[in-house]
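Take a look at the structure below.
The values are calculated or read from the model by the stated rules, or taken from the named source; none is laboratory data. Predicted model only: the values in this text are computed from it and were never measured. With ideal geometry, Cβ positions are generated from the backbone for all residues, glycine too; neighbour counts draw on all protein chains shown.
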Amino acid sequence: MKLLVQGWRFIHHSYALVAQAHCVSLLRRGDVELRFQDLPFAAARWQPSRGILDLDDERALSELRGPDASFAPDATLRFARDFTPPPSGRAFVFDTPEFHALRPGVMRKLRASAAAADRVHMLTPSQWVADAYLRSGIAPERVHVVPHGFDPRVLHPDESRRVDARRKLGVDACFVFMSVGAMTDNKGIDLLLRGFARVADGSVETRLVLKGADDLYASRDRLQHALDALSTAEREAVASRIIYLGDRRSVSEMADLLRAADFYVAPYLAEGFNLPVLEAAACGVPVICTEGGATDDFTAPSFAWRIHSQTESVRIEMRFAGEVLQPDIDHLIELMRQAIRDRDAARRMGEAGAAYVVQNFTWDGVTDRLVEVLFDRTANKEPVRSGPASTEGKLGS
């Protein structure tokens, strides 16, 4: 089996982290001849850096060769919106249209490749994303769902490291909510801030730890914009209780940070997957997240409380309308207060979550599923569920 991966390496972007994690697992399998083709970064300010992953993993990734003229892959895995048919085998285009619809530019590219549809497939990490393709008329047999995973060698419960992480943050005696992300609107940062403002004035000392990515997304500026939009009373309630971290951290350092939380909170509006939710659960941290979206695929009631939500149509750009989930802020506040009150439930949920995800969502396990998709090795595939298709008919059916 020969595979060409086209994407990014050694940068703190989710697409790069996913590509690298799959490559490391493929190298451990040893039955796939692997090549890696580096693609240009999406922004000039992005700079590669080492120390994100385990040293041995980074060394193995750096030693991956690019394709030469004689390399004819059976499958090409692209972490870019390139829908052109490959010179050999089939192409699988990874993308996460989180707004439940495809942008006009993507639709044009798909139509242009419709004649070779049997050789160009879509790879998505969640049913929410898969539905964006299906609703746009893409044939179900071209859409494949392979979830993301986590490295259990790094992300796992560890009480001594949790205690140390909380001490370093200065939150030993506090109840800690945490959220990780770019601080963009789709993450629901405004809802989280407003919800936290309502629970922060109780008898228990609380903190909200927010982890952004200043080098990629200017997350600190986005957070400040969200803070400026709060009422005066809300800003006063949260001002001294928020800890913001925007620096670049390794996977191991992120594991320590996640362990410091009592509850992970993700009141998102639109996500392709939301990997930090999975990683928090792996570290034994219970979760509050939006109901109805991508996280439904990999969370369970035993460790995740879901915020009631409603689907809403939104205009993203002049020629692009999509859908988001609108979490119920009153229910979010209720769940956050319940989290503070019921510490025994939090402990049980943390244990249940760590056990559940290590059984179902390690990188090695989900990479096995990826191999089945890429090389068509499953005899009885579970079909992707179809959402309502567009009136334009199926592309490449």
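For segment 264-273, indicate whether the set of residues that are modelled with pLDDT under 95 and touching a Gly at 6+ places or on another chain (Cβ under 7 Å) is non-empty. Lay out the reasoning, then the answer.
As a first pass, look at segment 264-273 and keep what is modelled with pLDDT under 95: none.
Checked segment 264-273: no residue is modelled with pLDDT under 95 and touching a Gly at 6+ places or on another chain (Cβ under 7 Å).
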For Thr299, the lone unmet condition from (1) crowded, with 17+ Cβ neighbours inside 10 Å; (2) touching a residue at least 60 places away in the same chain (Cβ under 8 Å); (3) under 23 Å from Asp328 (Cβ atoms) is (2)
Give segment 20-36 a look and list any residue that's surrounded by 15 or more Cβ atoms within 10 Å (Cβ to Cβ) and of a type outside the set (Phe, Trp, Tyr), or say none. Gln20, Ala21, His22, Cys23, Val24, Ser25, Leu26, Leu27, Val32, Leu34, Arg35
Residues in segment 132-188 that are over 21 Å from Thr290 (Cβ atoms), modelled with pLDDT under 95 and either under 14 Å from the mean Cα position of the chain (by Cα) or of a type in the set (Lys, Arg) (or both): how many? 1
Just checking, how many residues over segment 80-111 are outside any loop (DSSP other than H, G, I, E, B), in contact with a Phe, Trp or Tyr (Cβ under 7 Å, 6 or more places away or on another chain) and not basic (Lys, Arg)? 4
Does at least one position in segment 124-143 carry a residue that is closer than 27 Å to Leu53 by Cβ and out of contact with any Pro (no Cβ under 9 Å at 6 or more places or on another chain)? no
Extreme residue, nearest to Leu155 (Cα to Cα), among residues of segment 250-279 that are charged (D, E, K, R), in contact with a helix residue (DSSP H, G or I) (Cβ under 8 Å, 6 or more places away or on another chain) and surrounded by fewer than 23 Cβ atoms within 10 Å (Cβ to Cβ): Asp256
When you scan segment 41-68, how many residues do you find that are assigned to a loop (DSSP other than H, G, I, E, B) and at pLDDT 95 or above? 6
Only one residue in Pro86, Pro104 is within 27 Å of Leu26 (Cα to Cα) and assigned by TED's automatic domain parsing to the domain that holds Gly137. Which one? Pro86
If only one of Ala346, Ala352, Ala321, Ala294 is surrounded by 14 or more Cβ atoms within 10 Å (Cβ to Cβ), closer than 28 Å to Pro104 by Cα, of a type outside the set (Val, Ile, Thr) and assigned by TED's automatic domain parsing to the domain that holds Phe177, which one is it? Ala294
Which of (1) among the hydrophobic types (A, V, I, L, M, F, W, C); (2) modelled with pLDDT of 95 or more; (3) in the same structural domain as Gly202 (by TED's automatic domain parsing) does Leu370 not meet, given it meets every other one? (3)
